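Okay, so here's the structure we're looking at.
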């Protein structure tokens, strides 16, 4: 069971390395995967409220950083010259990169909702006294 926690830590470490190296797209993906593993650990494996709270804080940090990377990547895409325009106007209408950015928003919201939901069991535990 500690395997998921270790996997989350490894993914987060790799994300930070890629982030520092300037590989922002890969860092963004890795941060998202790390958060998914951390949320699984919080929900099913974490022992104790302190461990859960620590993991939640890290998840928030990783989600914040992923959001900043996502915004940066979107701005970079908009300002970068698009070779598609040179090949013809028909190709210019199909912006695959814009569609991908929109498809990531629901996933981001899903992760944030899962993070918020991970706080609810603690509240229920307090009420159950």
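Every read-out reported here was derived from the displayed coordinates using simple, explicitly stated rules and does not represent laboratory data. Because the structure is a prediction, the values reported are computed rather than measured. As a convention, Cβ positions derive from the backbone with ideal geometry for all residues, glycine included, and neighbour counts pool all protein chains shown.
Taking other Cβ within 10 Å of each residue's Cβ, how do 64, 19 sort, fewest first?
Details: 64 11, 19 19.
Placing the least packed residue first, the sequence is 64, 19.
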Next item on the list: Could you tell me whether the stretch 3-79 comes out rounded, prolate or oblate from its Cα gyration tensor? Rule is a ≥ b ≥ c as square roots of the eigenvalues, rounded for a/c under 1.5, then prolate if a/b exceeds b/c, otherwise oblate.
Entry: prolate
Note to self: With an 8 Å Cα cut-off and a minimum separation of 6 or more residues, compute the relative contact order for the stretch 3-79 in percent.
What the structure shows: 32
Checklist line | Fully extended contour minus Cα-Cα distance, from residue 10 to residue 50, at 0.36 nm per residue | finding: 12.3 nm
Note to self: Give me 79, 60 sorted ascending by neighbouring Cβ count inside 10 Å, so fewest comes first.
What the structure shows: 79, 60
